[in-house]
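S.K.: After the structure tokens below, expect a handful of questions from me.
The values are calculated or read from the model by the stated rules, or taken from the named source; none is laboratory data. From a predicted model like this one, the values you see are computed outputs, not experimental measurements. A quick note on method: Cβ atoms are made from the backbone with ideal geometry, for glycine too, and the neighbour counts reach across all protein chains shown.
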Amino acid sequence: MRILSLVHGPLVRSEFFGDVVREEGHELEEWSVVDGTAPPRPVEGYDAVFVFGGHMNVDEEDEHPWLESETELIRTLVRREVPLFGVCLGGQLLAKAAGAHVGPSSERERGFVRATLSDAASGDPLFGALPREFDVFGMHEYAFHVPEEGVELARSAVCAQAFRLGGSAWGVQFHPEVRVEQIEEWLRRRDPPDPRAEAILAELRNRIDAWQRFGAGLCRGFLAVAQGRDTSVAVPGTAPSL
């Protein structure tokens, strides 16, 4: 398959997901939408789309006018049932494109937080094989509500963490694609500095192998959906001990 990644800066690219896509034998192309350039090929030429994170928020169209066109593009992809997986900002843009509220979270989530599956997650191709409770790694100040036509799959004590829209689009608030070096740079650039930065990094370094197994499972499950394969059984790696 040919996969497109929508990215929003040099520190928020495909990262570990890119490795998984290539290991599975697929072609991955990135499009930095913030640069105002055209995608590597017409969007219609891709079999599936990832939408990754960014430091900007979904309501900052005045500062980042491309947010409006990206939201409309996501709306079009969903309407065409192109398999789509949105991460953090990407998940928020998917929720916004579907008419849901996205705004400041009641509480910031940084580092690992506990998430709980919803009853509706049973049978989901990506989340159905996960344990009832598991930890996710988040770095966000905004959060999405689940679209009216969406299905909430998981939530933390603070906000929804994952939803499915239709049968081919998923949005997550957490970051299953990250590398340690990437988070180190995010935290280094924070102004003011995060007082928990060292603790967050220490825990991530300690748990990165399990976390990337978790991310690989989600990514492979999504690729299986995009290929139209049967994903009714557990995908290896989707339920690590975290």
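S.K.: From the list Leu126, Leu187, which one is part of a loop (DSSP other than H, G, I, E, B) and surrounded by 12 or more Cβ atoms within 10 Å (Cβ to Cβ)?
M.R.: On the way: Leu187 fails: part of a loop (DSSP other than H, G, I, E, B).
Being part of a loop (DSSP other than H, G, I, E, B) and surrounded by 12 or more Cβ atoms within 10 Å (Cβ to Cβ) holds for just one of Leu126, Leu187, which is Leu126.
S.K.: I'm trying to understand the selection: among the residues of the stretch 53-90, which are of a type in the set (A, V, I, L, M, F, W, C), under 21 Å from Ile3 (Cα atoms) and in a loop (DSSP other than H, G, I, E, B)?
M.R.: Within the stretch 53-90, Val82, Cys88 qualify.
S.K.: Those residues that are under 18 Å from Arg213 (Cβ atoms) and of a type in the set (Lys, Arg), I need them from the stretch 173-202; list them, please.
M.R.: Arg179
Yes/no matrix, rows are residues, columns are (1) at pLDDT 95 or above; (2) farther than 21 Å from Ala224 by Cα:
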| residue | (1), (2) |
| --- | --- |
| Leu84 | yes, no |
| Ala97 | yes, yes |
| Arg114 | yes, yes |
| His175 | yes, no |
| Arg196 | no, yes |
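S.K.: I've got another one for you. Could you look through the stretch 17-52, keep only residues that are exposed (fewer than 12 other Cβ atoms within 10 Å of the Cβ) and within 22 Å of Cys88 (Cα to Cα), and pick out the one that is modelled with the lowest pLDDT? Let's see the steps before the verdict.
M.R.: Of the stretch 17-52, the ones exposed (fewer than 12 other Cβ atoms within 10 Å of the Cβ) are 23, 25, 35-38, 42, 44-45.
Pick out the ones that are also within 22 Å of Cys88 (Cα to Cα) and you get 35-36.
Details: Asp35: 89, Gly36: 83.
Checked the stretch 17-52; the qualifying residue modelled with the lowest pLDDT is Gly36.
S.K.: Just give me the residues in the stretch 132-160 being touching a Leu at 6+ places or on another chain (Cβ under 7 Å) and either under 11 Å from Gln92 (Cα atoms) or of a type in the set (Lys, Arg) (or both), in sequence order.
M.R.: Arg132, Pro147
S.K.: Here's a follow-up. Which pairs have Cβ atoms under 7 Å, sit 6 or more apart or on different chains, and link a residue in the stretch 142-163 that is free of Cβ contacts under 8 Å to residues at least 24 places away in the same chain to one that is assigned to a strand (DSSP E or B) and of a type in the set (Asp, Glu)?
M.R.: Ala160/Glu152
S.K.: For the stretch 91-101, enumerate the residues that are in a helix (DSSP H, G or I) and over 23 Å from Leu28 (Cα atoms).
M.R.: Within the stretch 91-101, Ala95, Lys96, Ala97 qualify.
S.K.: Let me ask something else. Within the stretch 29-49, identify whether any single residue is within 17 Å of Ala97 (Cβ to Cβ), under 15 Å from the mean Cα position of the chain (by Cα) and touching a residue at least 60 places away in the same chain (Cβ under 8 Å), and answer yes or no.
M.R.: For the stretch 29-49, residues within 17 Å of Ala97 (Cβ to Cβ), under 15 Å from the mean Cα position of the chain (by Cα) and touching a residue at least 60 places away in the same chain (Cβ under 8 Å): present.
S.K.: On to the next question. Return the residues of the stretch 102-123 that are among the small types (Gly, Ala, Ser) and either in a strand (DSSP E or B) or free of Cβ contacts under 8 Å to residues at least 60 places away in the same chain (or both); say none if nothing qualifies.
M.R.: Listed by number, the residues that qualify are Gly103, Ser105, Ser106, Gly111, Ala115, Ser118, Ala120, Ala121, Ser122.
S.K.: List the number of the failed condition for Val180; all other conditions in (1) free of Cβ contacts under 8 Å to residues at least 60 places away in the same chain; (2) in contact with a strand residue (DSSP E or B) (Cβ under 9 Å, 6 or more places away or on another chain); (3) β-branched (Val, Ile, Thr) hold.
M.R.: (2)
S.K.: Let me ask something else. Which one of these is in contact with a Leu (Cβ under 8 Å, 6 or more places away or on another chain) and either of a type outside the set (Phe, Trp, Tyr) or at pLDDT 95 or above (or both): Gly221, Gly237? Before you say what the answer is, go through the steps one by one.
M.R.: Working: Gly237 fails: in contact with a Leu (Cβ under 8 Å, 6 or more places away or on another chain).
Answer to the selection: Gly221.
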